[in-house]
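Down below is the structure, laid out as structure tokens.
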Amino acid sequence: ESYDALRLCSQLRSLERTIEELKESYISLETAYDRGATRISNTVYATDAAWRNVADAHTRHRAGRFSVNARGRLEWKGDDDRDSLSSAYLVTQLSATPRMELNDHWEIFTRGDWEKTDYAEGSLYGLDYTRGRARLGVRYSGDLLESIELTIGKTSRAVPDSSRLSYDESWLSAEASYWSFGPTRWSASLAYVSRQYEAD
């Protein structure tokens, strides 16, 4: 019993030290620009141990039956000397979603996005990778809120530090939904995914 009590006290003291080490002062500052359908913002998060910056831009454009949404995000973080599990990093994300309305019920849509993560130091908790995704779909929207959507897509991810995590992926999905009279909604979805990992 005495041994268990001493071990518990030691564990509590260790936990208290960890809690004290994790305490930090925190401040953030955001600046933004808005004009029409475009927004650009930048936010700085700073602590007494590290800092992080997030820059984000989003815009929408429409011309007749054609529309496109585009977004870009850039995030980077400085080193935190007190956190052995954290590393400085840079994350870049870009995406675009064009749509074309064929008529009042049918539309064709595409989406492409690209993401790259770069850590200053390699670890089990943060791996560098580059990922690109593209998809093409068609959607039907009925007068009674019924809808059908078919989508095909392709994804490719490259992980320089681990060939086991690099892959090429293809998929096909179908979704359908229908609102009947009253509060009932029926929906169904089906997806097929094929993923091929790189050989060692």
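Points to keep in mind about this one:
- The stretch 101-158 and the stretch 164-192 have Cα centres separated by 14 Å.
- Our coupling estimate for the stretch 41-57, obtained by passing each phi through the Karplus curve with A = 6.51, B = -1.76, C = 1.60 and θ = phi - 60°, is 9, 9, 10, 10, 10, 10, 10, 7, 10, 7, 9, 9, 10, 10, 10, 9, 9 Hz, Gly and Pro reported as x.
- With all protein chains modelled, accessible area of Thr184 [1.4 Å, Å²]: 60
- Put Leu90, Leu29 in order of accessible area, highest first, and with a 1.4 Å probe you get Leu29, Leu90.
- A 1.4 Å probe, protein heavy atoms only, puts the accessible area of His61 near 110 Å².
- Within the assembled protein chains, the solvent-accessible surface assigned to Ile27 is about 110 Å², based on a 1.4 Å probe.
The values are calculated or read from the model by the stated rules, or taken from the named source; none is laboratory data. What you are looking at is a predicted structure, and each value in this text was computed from that prediction instead of being measured. These area figures cover heavy atoms from the full protein model, side chains too; ligands, DNA and RNA do not enter into them. Shrake-Rupley method; radii C 1.70, N 1.55, O 1.52, S 1.80 Å.
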